[in-house]
Amino acid sequence: MCSTSVTSKPDHVLRANAYHSLAAAFRQPGEWAGEEPKALVQHFKEFGGELAELSEKVAFAWNQAISEPQNAEIAFAKLFLGPFEILAPPYAAIYLDSERRLMGPISLYASTAYAAAGLDQVGEVREIPDHIIIELEFMYFLSFSASSSEDDDFEIQQGKFWSEHLGKWLPPFAKSIAVAKVHPFYDALAQLLSKFIEYESSLHESVTSK
């Protein structure tokens, strides 16, 4: 990747906000504060087009989920917790490690990336390093840091993390959520995540092709 960026400083802030909202959406329903749907729409409307439209769909379903928390908690457990079959495991290792080892080389890759960016811990979630929320919050950190940095170090780190890691496992993860069809909120979230993956993949491809 060359040091010439194709994104402007405002674009970095825009993407940082998007990652922040996506990370919030994957928190356990009991941790939702209630303001997240409105924030998500505000963050994604700046993209325009289908991303903005899908964010409205997610926000509507999210508000419904907040009003019926028990159903949302059940859906969350089916997708991400178990205790039996987990329909959409929220760990990179499940998708990138042929042996599906947690706290193995995939987790080490994520931890090494965080340390290279100067982070001992990413966010407030106490989880395995390659958990979906932690990785989304890491991308938020890199995008936000890139918006105020005079060089391209954070953008380069973000492109590397996406192309070597996150961009490889997010598509099958999003597909797992979509196929499960456990709740309207998560159905809509899977659509938004898939479209955002397309956006990010196109962006990083355009950078690396320079």
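The values are calculated or read from the model by the stated rules, or taken from the named source; none is laboratory data. Model, not experiment: these values are computed from the prediction. In this analysis, Cβ positions are derived from the backbone assuming ideal geometry, glycine residues included, and neighbour counts consider all displayed protein chains.
Things worth noting here:
- Test: residue in the stretch 105-123 that is in a loop (DSSP other than H, G, I, E, B) and touching a Leu at 6+ places or on another chain (Cβ under 8 Å): yes
- Filter pass, residue 56 being among the charged types (D, E, K, R), surrounded by 18 or more Cβ atoms within 10 Å (Cβ to Cβ) and at pLDDT 95 or above: no
- Selection status of residue 205, at pLDDT 95 or above, out of contact with any Ser or Thr (no Cβ under 6 Å at 6 or more places or on another chain) and part of a helix (DSSP H, G or I): no
- Filtering the stretch 41-53 to residues that are within 14 Å of residue 13 (Cα to Cα) and either acidic (Asp, Glu) or surrounded by 15 or more Cβ atoms within 10 Å (Cβ to Cβ) (or both) leaves 43, 44, 46, 47.
- Out of 127, 164, sole residue that is in a helix (DSSP H, G or I), under 17 Å from the mean Cα position of the chain (by Cα), within 21 Å of residue 22 (Cβ to Cβ) and charged (D, E, K, R): 164
- Selection of first residues in the stretch 37-53 that are more than 9 Å from residue 18 (Cβ to Cβ) and in a helix (DSSP H, G or I) and of second residues that are at pLDDT 95 or above and acidic (Asp, Glu), restricted to Cβ pairs under 9 Å at least 6 apart or on distinct chains, gives the following pairs, ordered by first then second residue: 41/56; 45/56.
- Exclusive hit being assigned to a helix (DSSP H, G or I), among the small types (Gly, Ala, Ser), surrounded by 13 or more Cβ atoms within 10 Å (Cβ to Cβ) and touching a Phe, Trp or Tyr at 6+ places or on another chain (Cβ under 9 Å), set 93, 88, 77: 93
- Residue check for residue 27: under 25 Å from residue 164 (Cα atoms), modelled with pLDDT of 95 or more and not in a helix (DSSP H, G or I): yes
- For the stretch 174-202, a residue qualifies if it is without any contact (Cβ under 8 Å) to a residue 12 or more places away in the chain and under 14 Å from the mean Cα position of the chain (by Cα), and exactly one does: 198.
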